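Written below as structure tokens is the structure these notes are about.
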Amino acid sequence: KKNKKKKKKDTEPVMKTVHFRQDKVHDFAWFADPYWIVQKGKLWLEDSTRYIILWSMYLPKNAEMWRSSIEYLHDSGYWYSRFYGEYPYNHITAVDGDMSAGGGMEYPNITVISRDRSKDLLEYVIMHEVGHNWFFGILGNNERDHTWLDEGLNEYSNIRYWEKKYSDRDNQVIVQDFVQNKLGIGKNFDIHLFHYLSIAGTGKSRDVQPLNISANENFSYANYGQNYTRTAVMMRFLQHYLGEEKIDQIMQDFYETWKFRHPQPDDFRSFFEKHLDEDITWFFENVFEKTSYIDFSITKNGNMFLLTNSGTFNVPVEVAYYDEAGEEISRLWVRTNDTTTQLDAPPNSASATIDPDQVMPDIYRVNNATKRGIITHFIFDKPSYYDRDINIVPWLFSYNTYNGFTPGLVVWNGFLPGYDKRSAGLNLMYDFKNNKLVGGLLFSKGFDQIQFFHSGVGRVKIGTMAGRSGLQLSFSGTMKKPLTKSPIAKVDADLYYHSLDGNAMDPELYNAGNHTIASLKLEKRWRPSIFKEYFVGSGIKMGDGFVKGSLNSGFTYRMAKKIKTSIFAGVGSFLVSEKIPLQNRYYLSGTVDPDFEQLVIDRTGTSSDFKVLYNTYHGSGIRGIMIDNPLLSTDNIFWHMKIDQSIPILPGNLFLDIAGSPDFEESQYVSAGFTLGPIIIPLYQSWEVESKVPNNFDWIKKRFRVALVFPDIAVGR
Ligand SMILES: [Zn+2]
């Protein structure tokens with residue numbers, strides 16, 4: 001391998017022939033770069049009779065990141081040789097690919113590594129790619145047919161490596177040093193947690209596939225990831241159950257027998273059968289051939305401890321018992337085929353915990369301990385699960401003209417895999433303007449296996465903010481065939497109760513008082529190709545004295561990555577119009593967010609720059625604004641059509657909006673212009689009397705608005 005540090009100028013190029021020779025490899029790659037810095041190192045193998053030469057080659061700009069790369073190569077070669085069997089070749093090389101191209105790529109003896117965000121991630125990728133010398137290189141399985149056999153076993157070994165090397169810092173993985181170690185946010189995220197979250201998050205999903213299917217079949221992208229993570233956490237669990245010594249014995253025998261050959265899954269499994277007394281079918285069948293998930297729980301009833309299996313994957317369960325003082329009395333493995341099992345607890349047991357070290361990838365962990373304390377985290381961190389995790393976030397970002405700035409706290413629990421999709425959030429803030437507490441409470445529960453739907457989520461929100469106090473009960477469900485991306489149907493059902501304070505709202509836009517609203521929306525989307533997407537939707541909304549119906553459809557076409565055309569058309573009408581609250585009318589220039597779902601800075605109509613409708617746009621209606629009658633609205637039929645066109649080179653989008661109603665003076669209202677991020681700049685308005693296009697800067701200044709169409713981020717409104 002050759003490295004020219006400087007280009008020789010004004011001299012004839014020197015030609016040179018370099019020969020590379022390596023026996024017993026099934027692939028090769030070759031890399032060159034005249035600017036690389038080259039580091040060389042040595043790895044003495046266990047018996048000290050032979051050493052391996054280590055090379056790392058990287059660009060000067062990545063020198064700081066790659067400073068310890070020889071150490072990473074050394075430790076990878078060392079631990080894999082110890083775990084499975086000696087590295088049989090003479091070189092291990094890692095080269096800097098300096099692209100963000102999927103982590104890295106493995107070849108026998110050499111690996112190319114992508115750009116990484118932290119030294120830990122670089123070490124992670126280097127050890128992973130070096131590890132492929134064992135799984136894929138020396139044990140040459142076919143990755144397209146059995147991805148888990150190399151990627152999965154390799155990923156499992158990555159966790160082993162990390163837990164050997166970094167146990168003194170609790171196996172932490174640093175992605176962002178300042179955030180994790182200085183601010184303490186996500187400080188304790190460890191190597192195993194990342195893997196666990198990946199599989200617990202998709203535990204019950206109908207989109208999960210068995211690992212052991214060929215990439216030539218309908219193999220989803222998510223399944224590619226699961227082949228790494230499911231194998232890794234399950235193998236680690238098996239190691240915990242069998243003991244490290246046993247695993248070493250099995251793996252080393254497998255390696256010795258199958259090195260430089262092409263093992264199949266059954267060949268791998270046969271070494272478990274050879275070295276174990278117990279039948280290991282439960283593991284291999286469930287982990288690799290099925291999509292089953294682990295979900296155990298434990299309850300204490302008087303002096304009785306009951307173990308319940310709510311999952312589809314029955315595994316040996318480790319249970320630890322604790323006395324009154326919280327000291328561990330004993331722990332043992334329980335194997336049962338019953339749904340509910342009464343456990344044989346030591347007589348002085350005060351509490352018990354399933355899987356005390358959190359090795360078993362149980363998808364719903366919080367019910368695995370009978371005694372739970374409270375633990376707090378700043379912003380977020382690795383969940384304890386067995387205690388109640390309370391994450392506390394200082395909240396300084398909320399503002400509206402009625403409440404002013406409302407500093408406070410957001411306190412949350414859940415929102416991560418392991419909680420069975422149960423989440424809760426509390427936003428508690430103080431309104432210094434009106435001297436009262438404001439904020440809200442949110443509970444949500446996601447479902448992966450419910451009738452009629454592919455998945456769904458139910459929510460309860462209670463809150464008081466911006467002069468509205470109320471309640472929202474909602475369910476949204478998705479309908480689609482498992483593993484398909486199109487078509488997807490969505491149902492949204494909401495029930496709202498609003499109590500609106502007249503002092504907090506512009507009386508021209510909102511009717512104060514109490515409103516009970518029911519809403520049902522249906523939508524179906526198709527994506528015939530990555531270039532095209534279209535949808536049709538309908539909605540019905542009922543309140544005390546009105547029923548409002550709407551139909552809409554849209555089409556998006558991508559000519560190229562940066563050239564996109566979107567067309568949206570909608571029509572709506574009131575089917576019952578006895579008593580329509582002002583906020584539910586159709587406004588030509590947008591909605592006033594009648595159900596308080598969005599961030600609206602000024603509903604009071606008192607600010608000069610952020611008045612809803614006048615200065616801010618919240619979806620629906622056209623993006624132009626009639627400055628001498630901005631509140632033009634109707635309770636008759638209202639239709640609108642909007643076209644967005646992105647153009648390469650130019651930032652922002654061009655838009656063309658048309659709307660009309662039989663109630664309005666003109667038959668149609670056309671506005672066109674462009675949007676730059678959230679800013680809407682009209683350049684043509686058909687209804688203008690003086691000038692339909694800008695004739696001075698003031699024309700634009702009076703008509704530009706800010707589109708605030710994102711949902712309110714604070715919880716529970
Ligand atoms: Zn890999």
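The values are calculated or read from the model by the stated rules, or taken from the named source; none is laboratory data. Here the structure is a predicted model, which means the values were calculated and not measured. Virtual Cβ from ideal backbone geometry, glycine too; neighbours counted across all protein chains shown. These area figures cover heavy atoms from the full protein model, side chains too; ligands, DNA and RNA do not enter into them. Shrake-Rupley method; radii C 1.70, N 1.55, O 1.52, S 1.80 Å.
Numbers for the structure displayed
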| quantity | calculated |
| --- | --- |
| Conditions (1) open to solvent by 40 Å² or more (accessible area, probe 1.4 Å); (2) free of Cβ contacts under 8 Å to residues at least 40 places away in the same chain; number of the one not met by Y224 | (2) |
| The range 152-166: number of residues that are within 12 Å of the ligand (Cβ to nearest atom) and of a type outside the set (G, A, S) | 5 |
| Per-region count, the range 493-518, residues open to solvent by 40 Å² or more (accessible area, probe 1.4 Å) and under 31 Å from the mean Cα position of the chain (by Cα) | 1 |
| Qualifying residue in the range 618-627 (condition: modelled with pLDDT of 95 or more, assigned to a loop (DSSP other than H, G, I, E, B) and of a type in the set (G, A, S)) | yes |
| Every residue from the range 10-50 that is polar (S, T, N, Q) and in contact with a helix residue (DSSP H, G or I) (Cβ under 8 Å, 6 or more places away or on another chain) | Q39 |
| The range 124-146 - residue that is closer than 23 Å to E289 by Cα and of a type in the set (D, E, K, R) and, of those, nearest to the ligand (Cβ to nearest atom) | E143 |
| Residue check, L149 open to solvent by less than 10 Å² (accessible area, probe 1.4 Å), within 11 Å of the ligand (Cβ to nearest atom), outside the structural domain of L73 (by TED's automatic domain parsing) and assigned to a helix (DSSP H, G or I) | no |
| Cβ-Cβ under 8 Å pairs, at least 6 apart or on other chains, the range 65-80 side in the same structural domain as W44 (by TED's automatic domain parsing) and more than 19 Å from Y156 (Cα to Cα), far side in a helix (DSSP H, G or I) and of a type in the set (V, I, T) | S69/I126 |
| Of all residues making up the range 257-286, the number that are open to solvent by 20 Å² or more (accessible area, probe 1.4 Å) and among the β-branched types (V, I, T) | 2 |
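Residue-by-condition table, conditions (1) more than 27 Å from the chain's Cα centre (by Cα); (2) open to solvent by 20 Å² or more (accessible area, probe 1.4 Å); (3) of a type in the set (A, V, I, L, M, F, W, C):
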residue: H91; (1), (2), (3): yes, yes, no
residue: D96; (1), (2), (3): yes, no, no
residue: M99; (1), (2), (3): no, yes, yes
residue: I110; (1), (2), (3): yes, no, yes
residue: N133; (1), (2), (3): yes, no, no
residue: N141; (1), (2), (3): yes, no, no
